[in-house]
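This report concerns only the one structure given below.
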Amino acid sequence: MSDLNGTIMGEDGLARPPWAATDPLLREYYDAEWGMPVRDEQGMFERLSLEAFQAGLSWATILRKRPAFRAAFADFNPEVVAKYTDDDVQRLLQDASIVRNRLKILAAITNAKATIALREEGGLVDFVWSFQPAETPQPKHASEIPTQSPESIALSKALRKKGFAFVGPTTMYALMEAVGMVDTHLMDSHRRGSSGVWLV
């Protein structure tokens with residue numbers, strides 16, 4: 001047991017934050033994937049896309065729909081998505097298994113094109129990781145976890161200049177958390193420091 005903002009001890013004896021403590025899908029995502037370094041273009045493009053689709057929705061909703069998103073967006077292969085046409089947009093708007101938001105769908109296509117263009121400058125992965133901060137938060141309670149940072153604000157502005165859409169500072173902070181650029185695991189979580197990026 002713990003206070004409302006701290007970790008919750010699971011039946012397996014492992015401490016997790018409240019958002020990952022009960023739902024089996026979220027727990028598996030937290031234990032195996034969230035916060036682990038993403039260093040490949042397709043993986044980064046997928047996470048960038050899904051964070052954009054998540055805006056205004058719960059992450060649980062996106063995670064449950066992730067297999068359908070992968071099917072709809074060719075496993076988030078930027079080469080394929082960048083060539084999507086108006087017919088593809090209409091197809092996706094009819095696909096009830098994903099989030100049917102025209103602006104977000106168009107953003108995914110726009111961002112695929114921008115991802116390809118960034119290859120001339122070293123690629124999306126190196127570009128995003130270049131905004132890694134010098135230190136990471138050390139939260140004991142969920143209330144101590146930021147929703148954005150100077151780095152996420154700078155990353156947001158830089159990506160917009162490169163033609164990306166739906167990359168606001170809060171969305172970019174969530175991306176930074178998801179791909180291991182910052183470690184916002186609570187200090188007494190069993191996952192704290194698991195990424196190998198941060199030793200605290």
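The values are calculated or read from the model by the stated rules, or taken from the named source; none is laboratory data. Note that the structure is a prediction, hence the values are computed from the model and not measured. Heads up, the Cβs are rebuilt from the backbone with ideal geometry, glycines too, and the neighbour counts pull from every protein chain shown.
Structure above, values below:
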read-out	value
In the range 143-160, residue surrounded by the most Cβ atoms within 10 Å (Cβ to Cβ) [restricted to those that are hydroxyl-bearing (Ser, Thr, Tyr) and touching a residue at least 24 places away in the same chain (Cβ under 8 Å)]	152
Hits in the range 3-38 (condition: small (Gly, Ala, Ser), under 29 Å from residue 132 (Cα atoms) and surrounded by 15 or more Cβ atoms within 10 Å (Cβ to Cβ))	6, 15, 20, 21, 35
Members of the range 179-190 found to be surrounded by 21 or more Cβ atoms within 10 Å (Cβ to Cβ) and not hydroxyl-bearing (Ser, Thr, Tyr), listed by number	179, 180, 181, 182, 183, 185, 186
Lone unmet requirement of (1) at pLDDT 95 or above; (2) of a type outside the set (Ser, Thr, Tyr); (3) under 25 Å from residue 123 (Cβ atoms); (4) surrounded by 16 or more Cβ atoms within 10 Å (Cβ to Cβ) for residue 99	(3)
Members of the range 101-126 that are in contact with a Leu (Cβ under 7 Å, 6 or more places away or on another chain) and over 13 Å from residue 48 (Cα atoms)	102, 118
The range 96-115 residues that are free of Cβ contacts under 8 Å to residues at least 40 places away in the same chain, paired with ones that are of a type in the set (D, E, K, R) (beta carbon under 7 Å, 6 or more apart)	97/65
